[in-house]
Amino acid sequence: MEKYPLIKTINGRRYFYRFSLNQRVQHIILALSVIILVLTGMPLKFHNAGWAPYLYKIFGGIKAAPIVHKAAGSILLILFAYHIIYLVYVIYKYQIVPLRDKERRLTSGMILKLLATQPLVPNMKDARDIRDLMTYLLYFTNKRPDGDAFTWKEKFDYWAPFWGMVVIGLSGLIMWNKVLATKIVPGIVINFSLIAHSDEALLAALFLFIWHWYNVHFSISVFPMGMVFITGYLPEELMIEEHYEYYVKIMKQAGLDNEIRPPHGAHSELSTDEAEK
Amino acid sequence: MKNIFYKLYVVAFMCLTVWFIVIIWNVTFHHVIEEYENRKELEEVATIKEQKKREAEKTKFERIILQSEERVKHYLGYRVIEEQRIEGHFHHIGFDIGPDNRSYCIRCHGDMPHDKVRDLRAFLNMHAFFIACQTCHVKTEGRGPRVYKWYDRKTGELVPSPVLTYRAGTYNAKIIQIENTGVGEPQRVDSQERIDFASEFKEREKELSEAQKSKAKKMIHEIVSKQPSICEDCHQRESPLLPLHELGYPRDRIDSILSTEVVGMVKKYTEFYMPRMLHPGEQNKENEK
Amino acid sequence: MSLKRAARLYIVGFIFIVLNFYPSKNLFSADVGNCLLCHKYPGLSRIDEQGKMKLLYVNEDIFNISVHLKVKCEGCHTDIKKIPHDPVNKVDCLVECHIVEPSSEQKFSHKDVDNYVKKSVHAALDKYGMPKKFKEDLPTCKNCHDEPLYRPLSFFKQVRPGISEAALGRCRVCHKKEDFIIRFYNHVTTRLHRTRNPINIAEVCARCHDDPLLVERHNLGTRAVFSYGETFHGKAARFLDERVPDCLDCHVNTGESVHQMLSHKDSAAITYRENKYLACSNIECHPGTSQQFASYKVHAEFNLDQSPVQYYFTLFFIILTGGTLLPLMAIIFLDLIRRLFPDAVIPRRR
């Protein structure tokens, strides 16, 4: 974990550490399998649409596409399992063990507190940020909310697929192994699985391909493409725009107090861009 | 400059977002409304069943029109047959014939105009499928030998003979008479002038008085001959009315059309039914006998 | 040109002519009466006294791949005794036609089919011989059947649609009549699998079972083909998968005629509550399924009256989806406006 410097300077521009290689690889596997799952699943959900047969044909039609879907689904589930193990391991090794060594004891209350203060766990600051964002978007203020290490958007991006994978994965497994599953649960669970699987998948797909992609790729401050999912480092301007509070913290930590740039919203960023030209 | 592109991009993305909103609405809450309405409608069907039924009877025309549009695909595995479906029709149709866009007669008289003579109507309609109305029902007093050409049902243009290309009777073309009035170029009997006149009458029919209507009808039907050409005019060996060879019929087809089989059948029909056809008004009396 | 070569050419030419002209007219079909002389013309049609269109055309090409190709026209249209003929009566499908059933050497007829139908849920008379309510809604032969078409299969190396030339080669060793070989091949291989594609079956059932009026009148509880279309089976059928079950696979007792379809209220029916799992556990479908598996509601619709539990479950996801995404879309939209007019000013506190 220590091997990633928090700030990197390339060609005079500062970049801030966001994701480790392990996390980036996890993300890419997630992204690819989800795209394949959506492409092989949606033609079934929207089987009456004109595009459905053509899209399905790309994946081998009714004979092959379900197999592709199950294969991609399996990869995703394995990734999910891996991610849980990874999460437990990282928290245990880098947080619980040091805590235990420091305090010389370990109570469940301490562990709960530790888990509740994980950077990706939603907290009151997120609620404040959402309120501040609304006042900013409605022109009541010119000040963007100064986000922490992970903004509410990112937490959303994390927990929505997390919940989605539980729902979709479980219902998918039930429908895949329906004969086995109905040894335990009644047949109506298959009805529920079908509904949950397809409706939750639609939510996930629309959420990822519109909201997530807008935030990380299509928003004009990032357009045409955010590179952080490949490089793991976020450029300074975006860091200021989205994570100002965290930015200040890191800069101070690195002893760069004098070089901290002022906060700004999208409008002033545009004008600085103009000025640079 | 860069700024303008930025703004254009933002505006474009705003439109995209609206589109997204519509999509999301359609795949979510819209379903709930739709379900509610469907359920309402079904309830209505239950309560005012009889009234609905009567309404259904009323829109019979619409149903017929809609039904005629129903298409089916038969998946045979090695082959797919797509065809129009006619309710209650057992045999397969298997191919499509486009509407005749040229003929102005069928606008009033329909595609299957022959219905008076019970035993001949189907045959006459069959011929009307590839012979223009005017070819039998108009006898021009023109000069020189009569000329006949094929025209395309869809475009209305004169086309080369389709006889060799298609199966018998399935040509997408009809035979039309070319009229030589002696004045100017020979022209088709279904001239643009006549088409326009008929179309205008059809359009303005409602605003015309009874007398005007009769006059217009009279003028449109002026060229129609009292005695149309009959089967035997063509189905005979001596001098058939239609110049089959010139119309592109090969030897064997001409032989078949003029064969004893066909001519014999025509004879039978002529002997038994033709007198009635020539005096259609008496048909019913004959039937009663 | 040598005499021999000329002779050979002559022979080849003769065969060519024979093949092309003489048999092509009726290679297969039983048009002994030369009915196609007139009925090959697609325009042969009329409007009858009720204003219904009567199309008298017979497409010879398609008739030649239909199961009735060997039946003479008069075999079904029995009232035609002479040509030219008078307007004909409706065909009675139960008539004894001129085909002889080879095992019993009896004249063939569809009477047995009718006997099955009489015992089925689609019978017009109930078991006491009294006419059922809305008897006119119940189907007769032609409501479900148009001319059935052959759907041959080839099993030579792998199973595929169509005729196996290699298999025909075997037939030709003993059987010399080409039309017999092809007809026999077609008949047997068509009978070994579905006579119609699942989607075509579903279309047939839909004509009545998706008609809201009939559904309501007969208390059917679902627009059956519509709800089938929402299941994986129906969707796969729409993508032309022939391995998935269509209506008949689940609604007909295994090994019985599809014409003997029973009501799901009949304890002998495979669709009866306790028997349903037998249909699912078919060796080719979901072997080993339990009663619990069969409690899956196949014809569940998104309909409050029909399946309230499923309705509320779906409603939850609809609200979740719309409720999450629509506000997010609004944020994107506002964000775009904010970026479009970054310096716009609304009177505000600073």
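No lab work stands behind these numbers, since they all come straight from the coordinates. For clarity, every value in this text was computed on a predicted model and none was experimentally measured. Because the Cβ atoms are built from the backbone with ideal geometry, glycine has one as well, and the counts that use them run over all protein chains shown.
Worth a mention:
- Trypsin sites (Lys or Arg not before Pro) restricted to the stretch A:74-118 and DSSP loop, no more than 16 other C-beta within 10 Å: A:Arg104, A:Arg105
- Using a Förster distance of 56 Å, the FRET efficiency for C:Leu220-C:His175 (Cβ separation, nearest 0.05): 0.70
- Label separation (C:Asp343 vs A:Ile85): 5.7 nm, computed from points 7 Å beyond Cα along the C-beta direction.
- Nearby aspartates and glutamates by direct alpha-carbon distance to C:Lys119 (threshold 16 angstrom, same-chain neighbours under 8 apart not counted): C:Glu256, C:Asp266
- Charge context of C:Val225, other residues only, Cβ under 13 angstrom, K/R +1, D/E -1: -2
- C-alpha long axis of helix C:308-340 to longest principal axis of chain C, angle in °: 70 degrees
- Stretched out straight at 0.36 nm per residue, the stretch from A:Ile7 to A:Asn22 would grow longer than its current Cα-Cα span by 3.5 nm.
- Of the trypsin sites (Lys or Arg not before Pro) in the stretch C:149-181, the ones in a loop by DSSP (not H, G, I, E or B) with at most 11 other beta carbons within 10 Å are C:Lys157, C:Lys176, C:Lys177.
- Whole-Hz Karplus values for the stretch B:212-221 come out as 4, 4, 4, 5, 4, 4, 4, 5, 5, 8 Hz, taken residue by residue from phi with 6.51 cos²θ - 1.76 cosθ + 1.60 and θ = phi - 60°; glycine and proline positions read x.
- Per-peptide average of other Cβ atoms within 10 Å, ordering C:134-140, C:296-302, B:131-137 highest first: B:131-137, C:296-302, C:134-140
- For chain C: relative contact order, % (alpha-carbon pairs under 8 angstrom, 6 or more apart): 9 percent
- Label zone (A:Tyr94, point 7 Å along Cα-to-C-beta; backbone nitrogen cut-off 20 Å) within the stretch A:136-153: A:148-152.
- Partners of B:Lys154 within straight-line reach, counting lysines whose Cα lies under 29 Å from its Cα and excluding those fewer than 8 residues away in the same chain: B:Lys60, B:Lys73, B:Lys116, B:Lys139, B:Lys174, B:Lys202, B:Lys206, B:Lys217, B:Lys218, C:Lys40, C:Lys52, C:Lys54.
- Note on the stretch B:116-272: with charges restricted to the Cβ of Lys and Arg (+1) and Asp and Glu (-1), its dipole about the Cα centre is near 380 debye.
- Cβ-defined net charge surrounding B:Trp150, 12 Å radius [Lys, Arg +1; Asp, Glu -1]: +2
- Calculated [θ] (222 nm, deg cm²/dmol) that DSSP helices of n ≥ 4 give over the protein assembly as shown, each run adding -39,500 (n - 2.57): -15000 deg cm²/dmol
- Positive-end residue, the protein assembly as shown charge dipole about Cα centroid, Cβ charges, pick of C:Leu192, C:Val204, C:Gln306: C:Leu192
- The charge dipole of the stretch C:36-187, taken about its Cα centre with unit charges on the Cβ atoms of Lys, Arg (+1), Asp and Glu (-1) only, comes to about 360 debye.
- For A:Lys3, the lysines whose Cα falls under 28 Å of its own Cα, not counting residues fewer than eight places away in the same chain, are A:Lys93, A:Lys102, A:Lys113, A:Lys153, A:Lys155, A:Lys249, A:Lys252.
- DSSP H segments from chain A that extend 18 Å or more along their own axis, Cα-based, with Kyte-Doolittle mean of -0.5 or above: A:21-45, A:61-91, A:152-176, A:188-206
- Between 0 and 90°, nearest 10: helix C:165-174 axis offset from chain C longest Cα axis: 30 degrees
- Calculated FRET efficiency for the pair C:Leu320/A:Val185, C-beta based, R₀ 25 Å, to 0.05: 0.65
- Other residues whose C-beta falls under 12 angstrom from the C-beta of C:Gln292 contribute a net charge of +3, scoring Lys and Arg +1 and Asp and Glu -1.
- Separation of the A:Trp159 and B:Tyr6 label points, Cα + 7 Å toward Cβ, nm: 3.3 nm
- Among the residues of A:136-146, the average count of other protein chain beta-carbon atoms within 10 Å of the residue beta-carbon is 4.
- The mean number of Cβ atoms from other chains found within 10 Å of a Cβ in peptide B:4-16 is 4, as a whole number.
- A simple charge model with +1 on the Cβ of Lys and Arg, -1 on the Cβ of Asp and Glu and nothing else charged puts the dipole of the stretch C:266-307 at about 120 debye relative to its Cα centre.
- Tilt relative to chain C, helix C:198-209 - C-alpha long axis, 0 to 90 degrees, to 10: 70 degrees
- Note on C:219-230: average number of Cβ atoms from other chains within 10 Å of each residue's Cβ is 1.
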